[in-house]
Amino acid sequence: MCRMRILIFIMALLPLANAMAEHEADHRYQVQGFVLDENEKAIPGREVAISADGELLARGTTDSSGYYSLHLHLHNEDRGRLLSLRAGPDRAEIRVSFDPEDQHTARVHTANLVAGKLVETELRRWRTPPWIYPLSGFILLGFALVMLERRRKRKLRQKHFGHTDASRGQRGKKRRRK
């Protein structure tokens, strides 16, 4: 009876040991990205699937911003393996890449599908419009020029009248009280 309980206990722990192995960085491979149309607008609710050698490895759906994230269970031997990414009618192939010596860093592959084409760089969906940078530069330059002009005028007043604005304000208050 006691041996039977131990056997049941061990059998119950086996799936847990497998689950823990999947949570180690060297067993996980995450494929994430956005699915966007030709105007770079999100395609929500699009089914995304990854397969290799005809075997489905992971499947998910894009959220309201077109983002998806799929977790795969891959090993060091899978480095260089070709994966097939499908999002609705769009298909692309990605190659598994990571440093097998690094056992701690998360293994993440960015794979975006924009108008059916694979873009393997990180997209910044809430990116700053490009015209903001020159505009910000002009605003900062204008602010700097205004501050320099104020400083120049203050120095001219000091040189001409021989006192600072603060001391002039104090003298003016004393004269008014008399």
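Classify the stretch 75-127: rounded, prolate or oblate, from the alpha-carbon gyration tensor (a ≥ b ≥ c, eigenvalue square roots; a/c under 1.5 rounded; otherwise prolate if a/b is larger than b/c)?
Values: a/c = 3.46, a/b = 1.49, b/c = 2.32.
Since a/c reaches 1.5 but b/c is at least a/b, the shape of the stretch 75-127 is classed as oblate.
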Apply the a/c threshold of 1.5 to the C-alpha gyration tensor of the stretch 33-167 and tell me whether it is rounded, prolate or oblate. prolate
Return Glu101, Glu93 ranked ascending by Cβ neighbour count within 10 Å, so the fewest neighbours appear first. Glu101, Glu93
Which of the aspartates and glutamates could a cross-linker span from Lys159 if the Cα-Cα distance has to be under 18 Å and same-chain partners fewer than 8 positions apart are dropped? Glu149
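Rule-based calculations on the coordinates, nothing more; no lab input. Keep in mind that this is a model prediction, so the values were computed, not measured. We place every Cβ from the backbone using ideal geometry, glycine too, and count neighbours over all the protein chains shown.
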